Amino acid sequence: MCSFDGAVATSVSGYNNAGYLDISNSGTAKVTYKINAVTAGTYGLRFRFNNNSVQNQGGTVFVDSVQTASFVGKSGTAAGQWQLEDVAVSLTP
């Protein structure tokens, strides 16, 4: 992971390792990763999230500044009920 807008948190149970990213609710909040693809192809990204809001809080995936995918971030889960959402992206070396 390279950078993110938010904090590492531990208040919601069910997280792995040192905690989870608690991302700000700003419309411009982001998480930035650097991924080096060895071979060109389609790769899967998996987002694990907890959204106990009444609104979907999805996001958009950009590769080299080009929008390539998005995810819904479905609302309505209780704290500690984590969800998974997968998206596919094309990467080149």
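The values are calculated or read from the model by the stated rules, or taken from the named source; none is laboratory data. As the structure is a computational prediction, the values presented were derived from the model and not from experiment. Using ideal geometry, Cβ is built from the backbone for each residue, glycine included, and neighbour counts are taken over all protein chains shown. Side chains are part of the model used for accessible areas, which takes the heavy atoms of the whole protein and leaves out ligands, DNA and RNA. Shrake-Rupley method; radii C 1.70, N 1.55, O 1.52, S 1.80 Å.
Residues of the stretch 34-64 that are at pLDDT 90 or above, among the hydroxyl-bearing types (Ser, Thr, Tyr) and either surrounded by 11 or more Cβ atoms within 10 Å (Cβ to Cβ) or part of a loop (DSSP other than H, G, I, E, B) (or both): Thr39, Tyr43, Thr60.
With respect to the conditions (1) closer than 19 Å to Glu85 by Cα; (2) in contact with a Phe, Trp or Tyr (Cβ under 8 Å, 6 or more places away or on another chain); (3) modelled with pLDDT under 90, Cys2 falls short on a single one, namely (1).
Checking the conditions here, which among Ala40, Ala69 is in contact with a Pro (Cβ under 7 Å, 6 or more places away or on another chain) and within 30 Å of Pro93 (Cβ to Cβ)? Being in contact with a Pro (Cβ under 7 Å, 6 or more places away or on another chain) and within 30 Å of Pro93 (Cβ to Cβ) holds for just one of Ala40, Ala69, which is Ala40.
Summed over the stretch 66-93, residues that are at pLDDT below 90 and among the polar types (S, T, N, Q) total 3. Within the stretch 1-28, the residues that satisfy the criterion of being closer than 18 Å to Phe62 by Cβ and loosely packed, with under 12 Cβ neighbours inside 10 Å are Met1, Cys2, Ser3, Ser26, Gly27, Thr28.
Filtered by the rule that a residue be within 19 Å of Asn25 (Cβ to Cβ) and either of a type in the set (S, T, N, Q) or in contact (Cβ under 8 Å) with a residue 24 or more places away in the chain (or both), the stretch 43-57 gives Phe47, Arg48, Phe49, Asn50, Asn51, Asn52, Ser53, Gln55, Asn56, Gln57. Among residues of the stretch 70-82 that are over 17 Å from Gly14 (Cβ atoms) and open to solvent by less than 70 Å² (accessible area, probe 1.4 Å), those with a beta-carbon under 9 Å from a residue that is β-branched (Val, Ile, Thr) and in a loop (DSSP other than H, G, I, E, B) at least six positions away or on a different chain give the pairs Ser75/Val54.
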